[in-house]
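Here the structure is laid out as structure tokens; the discussion comes afterwards.
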Amino acid sequence: MKLQVERDVLAEAVAWAARALPSRPPVPVLAGVLLEADAQGTVTLSSFDYEVSARVEVPARVDEPGRALVSGRLLADISRSLPARPVELVTEGTKVTLSCGASRFNLLTMPVEEYPSLPAMPSGSGTLPGDTFTEAVAQVTIAASRDETLPILTGVRMEIEGNRLTLMATDRYRLAMRELEWQPDAPETSAIALVRARTLSEVARSMGATGSITMALGQGGADLIGFEAGGRHATSLLVDGEYPKVRALFPAESPIHAVVERAPLMEAVKRVALVAERNTPVRLRFEDGVLALEAGQGEDAQASESLDATLTGESISIAFNPQFLLDGLGALSTTYARLSFTQATRPAVLTGQREAEGDDDESYRYLLMPVRLAT
Amino acid sequence: MSRRRVPRPVQPAGEVPDDTGCTVLHVDMDAFFASVELLRHPHLRGRPVIVGGGRRGVVLSATYEARRAGVHAAMPMGRARRLCPQAVVLPPHHEDYARVSAGVMAVFRSTTERVEPLSLDEAFLDVAAARRRLGGPTAIARLLRDRIADEQGITCSVGVAATKFVAKLASAAAKPDGLLVVPRARTVEFLHELPVAALWGVGERTEETLLRLGLRTVADIAHTPVETLRRALGEATGRSLHELSWGRDPRPVHAEREERSVGAEQTFARDVDDPRLVHREILRLAERTAGRMRAAGLAGRTVVLKVRFADFTTLTRSRTLPEPTDVTRVVHATAHGLYEALGLQRARIRLVGVRVEGLVPASAQHRQLVLGERPQGWREADEAVDRVSARFGRGAVRPASLLPPPGAEGGDPWAAAAPR
């Protein structure tokens, strides 16, 4: 193998491929990034940890096609630090020599034939706009559980019905649900998938900048999901297990709702929460025209603040974990936030609203369970 | 401190030790269970007597005559019998021990308010406030020994020192039926002669580490840079051992011992390799633990599972919950999960234990509600069970899997859970 590639192109490609490198590889070859150069002038970099695979194709001047497997971590560190000059990669026996300007590195290769073949992209795909997808993934992954003892809840549930794609995640305390449109190749597509939230956010973050993302979900009992955008491919095994029936958790109707300017509310929650010790809530009291926030209690520090709010329905006092509330408010992008309630021990729904008067946007809903105050 | 005898330092005859500032007393009954048994069987005095037995024979207590043959508490009964074939073995009478213990504690409490009981038969006393009334610490220690011998008919040993930890070492050195004062000025000298294992917090593992470093005596530790100790033993242990080695122990005598954890454990009558039996036992222990927590108005965040195998190796695994709980089902599910995570393949298990740590008052807890949670959930079910138990006795309502199987023998591990 002998090829020449631009430094930035190489660094970006290696950074992408290095994403799927396992931190503790179950077999040594999985610590490697596979380089494949073909006569058409394309270099493919791949990595795989049996769960997630990443692959990227970049243009290069290929003098001699070939394959080599080198330490991904090392290649990523090196390519990041190189000067802005063309990079040459040449295999010599059991080594790969990387030269760039006056720098030279010799990297030991690992046996290519021991490297597992990457899973093929599943069939049954469609496309969706990169920016919308990135936003949607960020909006739901905040609610995914980080508790590895409940693997199902560390995933994002994806439901596809025709051109409607729904993303959901919950950690049992809150539930985020986003609906968006996508363009399936077959109009009658119907599929469900549970994808690890961490994988999904990495994919969305690094592919979102490209205009359009292709998403591929196997039909029926497939256990793989694939993404492709701008020469980058990623596949991930799906999380196994039955996702709880969470749609039914949204209240059928909410007799009370309040509309508050979102940014000032977030600022106020952050301020009063400064005195809220671990596991203690912020208390919200909605009365006609005013939202009063309080945190802290007893002999310790206390804080309070009030804001304008439009209230429909009876006044209500309710308490939330401040971080959970901020996560939900932060996931919205509208000027106003609508908080809908049934009662103080039942979940509240957060939605975005553009105008103070008007309807809320139900394409994103954040369901938040309150904190019951000690008696 | 029973693991190793502390050598008794020679106290020069006739010299009255200077007990100024030595206001901490550690009082420890001598061979407590065995001594109480001798009250019922006075003709056995002077003979080796072992208390223990039952199906799972371990020595609970032994008289000094038996100890001379090498018998000690927690030793399997079979081994004890081989070491001391002439010993008389008596079954335990726990009600008697509780009664005598209550009498002993009453003597302590009439001496000073600052009594910190460690178990049925030992306690720390801070006698600083009793000096004006009763005399110096040494005089008070003599008084205690006399009163306990008169009123309860058993002997005890007392250590007098400036700190709890030295007082405890002193009582161990004074055993049996003795009194040892470690004057402030001689604390370091007293400590430095002791083996490292005498220090509070040095178990077998730490001792091994210390011996590997060539540290045999407390003096060795004292003269090792604290940095070295911290590197070898960890931040907390390293520092605390160094402090202890110079006799520094800031812990005061706590009149009320704070509950740090609530838990229960069960030694199986026979080693068990059937996972179903272990599961059932974990459920029973979780029930008991959570019930005790609710009775005490406590909730805790960390659930600890302890498993001891037939060869006495012991594992503990813990998991900290997002928020404190006192719900049986949560404690059980967590403990069960910890057990499953061990991935044991028919290992022979001797003991399991369930414990909850990180306790806080349950009433002061705000509770983050869970989506889909029923308004009347497991917590309410627990409360109902507690009310039934309060009225009809423990075990009146319990999980069906904890019912004794028909025709169960007394030897079944969960039969002990049946209400008496």
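Go through the range A:271-305 and give me each residue that's modelled with pLDDT of 80 or more and polar (S, T, N, Q).
A:280, A:302, A:304
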*If residue B:252 passes every condition in (1) in contact with a Lys or Arg (Cβ under 9 Å, 6 or more places away or on another chain); (2) modelled with pLDDT of 85 or more; (3) in a loop (DSSP other than H, G, I, E, B) but one, which one does it miss?*
(2)
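Any chance the range A:181-195 includes a residue that's surrounded by 18 or more Cβ atoms within 10 Å (Cβ to Cβ) and either charged (D, E, K, R) or in contact with a Pro (Cβ under 6 Å, 6 or more places away or on another chain) (or both)? First the steps, then the outcome.
Initial filter on the range A:181-195 (surrounded by 18 or more Cβ atoms within 10 Å (Cβ to Cβ)): A:182, A:184, A:189, A:191, A:193-195.
So of that shortlist, the ones also either charged (D, E, K, R) or in contact with a Pro (Cβ under 6 Å, 6 or more places away or on another chain) (or both) come out as none.
Looking through the range A:181-195, none of the residues is surrounded by 18 or more Cβ atoms within 10 Å (Cβ to Cβ) and either charged (D, E, K, R) or in contact with a Pro (Cβ under 6 Å, 6 or more places away or on another chain) (or both).
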*Within the set of pairs 6+ apart or on separate chains, which have a first residue in the range B:372-389 that is polar (S, T, N, Q), a second that is surrounded by 12 or more Cβ atoms within 10 Å (Cβ to Cβ) and in a loop (DSSP other than H, G, I, E, B), and C-beta atoms under 8 Å apart?*
B:389/B:395; B:389/B:396; B:389/B:397
_Residues that are assigned to a helix (DSSP H, G or I) and more than 24 Å from residue B:172 (Cβ to Cβ): does the range B:83-90 have at least one?_
no
*Could you tell me which residue of the range B:316-347 is farthest from residue A:149 (Cα to Cα), considering only residues that are surrounded by fewer than 15 Cβ atoms within 10 Å (Cβ to Cβ) and under 25 Å from the mean Cα position of the chain (by Cα)?*
B:316
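Restricting to the range A:56-83, give me the number of residues that are free of Cβ contacts under 8 Å to residues at least 60 places away in the same chain and either surrounded by fewer than 17 Cβ atoms within 10 Å (Cβ to Cβ) or more than 12 Å from residue A:41 (Cβ to Cβ) (or both). Working first, answer last.
Residues of the range A:56-83 free of Cβ contacts under 8 Å to residues at least 60 places away in the same chain: A:59-61, A:69-74, A:77-78, A:81.
Add one more test, that the residue is either surrounded by fewer than 17 Cβ atoms within 10 Å (Cβ to Cβ) or more than 12 Å from residue A:41 (Cβ to Cβ) (or both), and what stays is A:59, A:61, A:69-74, A:77-78, A:81.
The number of residues fulfilling the criteria is 11.
Kindly provide the set of residues from the range B:284-308 that are within 28 Å of residue B:76 (Cβ to Cβ) and assigned to a strand (DSSP E or B), ordered by number.
Listed by number, the residues that qualify are B:304, B:305, B:306, B:307, B:308.
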_Within the range B:160-172, does at least one residue satisfy the condition of being more than 19 Å from residue B:249 (Cα to Cα), of a type outside the set (Gly, Ala, Ser) and crowded, with 18+ Cβ neighbours inside 10 Å?_
no
_Criterion violated by residue B:311 - all others in (1) under 27 Å from residue B:397 (Cα atoms); (2) at pLDDT below 95; (3) not in a helix (DSSP H, G or I) satisfied_ = (1)
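Show me the strands (runs of 3 or more DSSP E) found entirely inside the range A:268-375 where at least 1 residues are more than 14 Å from chain B (Cβ to nearest Cβ), free of Cβ contacts under 8 Å to residues at least 60 places away in the same chain and farther than 30 Å from residue A:166 by Cβ.
On the way: elements: A:282-287, A:290-295, A:303-308, A:310-312, A:316-320, A:336-341, A:348-353, A:361-368.
Where strands (runs of 3 or more DSSP E) fall fully within the range A:268-375 and carry at least 1 residues being more than 14 Å from chain B (Cβ to nearest Cβ), free of Cβ contacts under 8 Å to residues at least 60 places away in the same chain and farther than 30 Å from residue A:166 by Cβ, they are A:282-287, A:290-295, A:303-308, A:310-312.
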*Near pairs, Cβ below 8 angstrom, 6+ apart or cross-chain, from the range A:109-131 (within 30 Å of residue A:96 (Cβ to Cβ)) to any residue that is assigned to a loop (DSSP other than H, G, I, E, B)*: A:109/A:94; A:114/A:27; A:116/A:50
*asked:* Taking the condition of being away from every other protein chain (no Cβ under 14 Å), more than 24 Å from residue A:188 (Cα to Cα) and crowded, with 23+ Cβ neighbours inside 10 Å, how many residues in the range A:142-176 meet it?
replied: 1
*How many of the residues in the range A:231-249 are closer than 30 Å to residue A:209 by Cα and either within 14 Å of chain B (Cβ to nearest Cβ) or assigned to a strand (DSSP E or B) (or both)?*
6
*Identify the single condition in (1) touching a Gly at 6+ places or on another chain (Cβ under 7 Å); (2) outside any helix (DSSP H, G or I) that residue B:371 does not satisfy, given that it satisfies every other one.*
(1)
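Working only within the range B:234-286, note down all residues that are under 30 Å from residue B:223 (Cβ atoms) and aliphatic (A, V, I, L, M). Spell out the reasoning first.
Going residue by residue through the range B:234-286, those that are under 30 Å from residue B:223 (Cβ atoms) are B:234-253.
Of everything in the range B:234-286, those that are under 30 Å from residue B:223 (Cβ atoms) and aliphatic (A, V, I, L, M) turn out to be B:236, B:241, B:244, B:253.
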*Yes or no: residue A:228 farther than 27 Å from residue A:150 by Cβ, at pLDDT 85 or above and either basic (Lys, Arg) or assigned to a strand (DSSP E or B) (or both)?*
yes
*For residue B:83, state whether it is more than 19 Å from residue B:121 (Cα to Cα) and assigned by TED's automatic domain parsing to the domain that holds residue B:154.*
yes
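The values are calculated or read from the model by the stated rules, or taken from the named source; none is laboratory data. No experiment lies behind these values; they were computed from the predicted model shown. Reconstructed Cβ throughout: ideal geometry from the backbone, glycine too, with neighbour counts over all protein chains shown.
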